[in-house]
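Data first, discussion second: the structure below is written as structure tokens.
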């Protein structure tokens, strides 16, 4: 029988196990950045058993510390929130891929994600559906923000000084439909801020219609845009317009929530 005041031998053992788990989790987070992020690669990099790696990565995923894309893991948004925002880069495309697939299936058109880079946007990736006539793959293409719906929903949450500086410069017209009038762009920005999404037709590429909504981080910045686009001759069908706009907004909000943004209008 244990005497009063005597410490159970199991206590330090339990504490050691807890600390060991934390140490292993940190080793795995470092390994995620240094490897292809698969379970086997993480196991080799950390000298941990595959079963242990799988269990710990599952816990880290539940906490948002990592994101899973297929068989690979990437650093997640909760780690970014704990560190300097510029020091940790999480994989926006991995975070959005499931939402893009759902939007593509829902709309029967192509869904994509673009990232804000300075005054431009860069297309990170897209999920297409089977059509004889489809829009091109824009992955990797960088375009100015005013060129269409995708960039405009990013522009809508720029600071006023950034917007003023951008609109004071020369705005290139990519098609006869590209909006280049600063006053008209300001009206569009105000409308996007009110409604949370934007439609454009033929503004960057003739024959393409797009609906987009912003992905916002914990500070409220529009860091990316999720969108659906298709050939203007068939997209959107009139009965789809409200539903598609709502679906894109809902998906953008879901991604934004993972990044720490809370929409007070919801």
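Quick look at the numbers
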{"item": "Tilt relative to the chain, helix 50-62 - C-alpha long axis, 0 to 90 degrees, to 10", "result": "50 degrees"}
{"item": "Label point distance in nm, residue 263-residue 187, each placed 7 Å from Cα along Cα→Cβ", "result": "2.6 nm"}
{"item": "Estimated inter-spin distance, residue 128 and residue 170, nm [label 7 Å along Cα→Cβ]", "result": "3.4 nm"}
{"item": "Residue 234-residue 19 FRET efficiency (beta carbon distance; Förster radius 51 Å; 0.05 resolution)", "result": "0.30"}
{"item": "CD proxy at 222 nm, helix term only [per DSSP H run n ≥ 4: -39500 (n - 2.57); per residue of the chain; nearest 500]", "result": "-13500 deg cm²/dmol"}
{"item": "Residue list for the stretch 32-49, given a label point 7 angstrom along the Cα-to-Cβ vector of residue 101 and an amide N cut-off under 20 Å", "result": "37-40"}
{"item": "Segments 91-99, 48-56 sorted - mean Cβ within 10 Å per residue, highest first", "result": "91-99, 48-56"}
{"item": "Principal-axis tilt of helix 182-195 within the chain, Cα atoms, nearest 10 degrees", "result": "50 degrees"}
{"item": "Label selected from (1) 20.1; (2) 20.5; (3) 19.1, the criterion being Kirkwood radius over Cα pairs in Å as computed here", "result": "(2)"}
{"item": "Helix 241-258 axis, angle to the chain major axis (alpha carbon atoms, nearest 10°)", "result": "30 degrees"}
{"item": "Peptides ranked, highest mean first, by Cβ atoms within 10 Å: ranges 244-254, 156-166, 220-230, 189-199", "result": "220-230, 244-254, 189-199, 156-166"}
{"item": "Relative contact order (%) - the chain, alpha-carbon pairs under 8 angstrom, separation at least six", "result": "14 percent"}
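FYI, it's all coordinate maths here, none of it is from the lab. Computed from a prediction, not measured in an experiment: that's the story for all the values here. Note that we place each Cβ from the backbone using ideal geometry, even for glycine, and neighbour counts take in every protein chain shown.
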